[in-house]
1. What distance in nm lies between label points placed 7 Å from Cα along the C-beta direction at ILE105 and ALA15?
2. Take ILE121, ILE47, ILE27 and order them by how many other Cβ atoms sit within 10 Å, fewest up front.
3. Can you sort TYR70, TYR79 so the residue with the fewest Cβ neighbours within 10 Å comes first?
4. What does a probe at TYR70 reach in the stretch 17-59, counting residues whose amide N is under 12 Å from the point 7 Å along Cα→Cβ?
5. Fewest to most neighbouring Cβ within 10 Å: what's the order for THR72, THR24?
6. Estimate the FRET efficiency between ASP8 and ARG130 by the formula 1/(1 + (r/R0)^6), using the beta-carbon distance for r and 25 Å for R0, to the nearest 0.05.
7. Mind listing the long-range amide H neighbours of ARG37? Cut-off is under 5 Å, sequence gap 5 or more, other chains count too, H placed in the peptide plane at 1.01 Å from N.
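Bear in mind these aren't lab numbers, they're just calculated from the coordinates by the rules spelled out. Bear in mind the structure is a predicted one, so any value in this text is a computation, not a measurement. Note that each Cβ is placed from the backbone with ideal geometry, even for glycine, and that neighbours are counted across all protein chains shown.
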Amino acid sequence: MKVSDEPDLCPIARALACVGDSWTLLILRDAFQGATRFDQFQRGLGIASNMLTRRLERMVDNGLLEKQRYQTRPPRFEYRLTDKGRGLAPVLLTLYAWGEYHLPIAARGIELVHRDSGEPIVPVIYDRHRGTPLVPRDVAMVAGPDATPAMRQRAERARAQGEALFSSPMQDTATGETAVADPLAEAAVTPSAEITGQRPQ
């Protein structure tokens, strides 16, 4: 994947270089659901073996999975989530919420519930410092001290447009009614689950 603007300076570009592949995210999804072995991933995903091998090797190289031998003859390996891989849990849960809201279908293949109570949950992104839910209109990307001219231009454009980026109403695809532009913003009104990502020390 080629990124056109200073991938080393942009955290989003760096993250996409590491996990910006649909197979990678689906492998992570299955790993979070307990898959560890090659055949488990292959059965769950229906992916060609050579493609799965390449993805797993890349994920090991990128530090998302750890390769552990569980059999000597013939040699067989498991792939287990690392701390770096587990740190993507909020990303997957937020993708789940986005897909459920913007790409709904009648069938209920999988649902998010609280592990102990079994009650449905709605992912919400929180600001760790303020202890309050975050919605897009509250967040600004500002230029850092090492920002390139292109990055500063984008930051200034975003600052100038401000809330207009997120204030336009949209149609709820399920009901046809006018809805908020962000399902996580709607959930933040009455949050039933908290998702936080902790920066490595």
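1. Inter-label distance under the simple model: 2.6 nm.
2. Values: ILE121 19, ILE47 16, ILE27 26.
Arranged by neighbour count, lowest to highest, ILE121, ILE47, ILE27 become ILE47, ILE121, ILE27.
3. Values: TYR70 10, TYR79 23.
Lowest count first: TYR70, TYR79.
4. 34-41
5. Numbers: THR72 7, THR24 19.
Fewest-to-most Cβ neighbours within 10 Å comes out as THR72, THR24.
6. Numbers: r = 29 Å, r/R0 = 1.18.
Approximately 0.25, to the nearest 0.05.
7. TYR79
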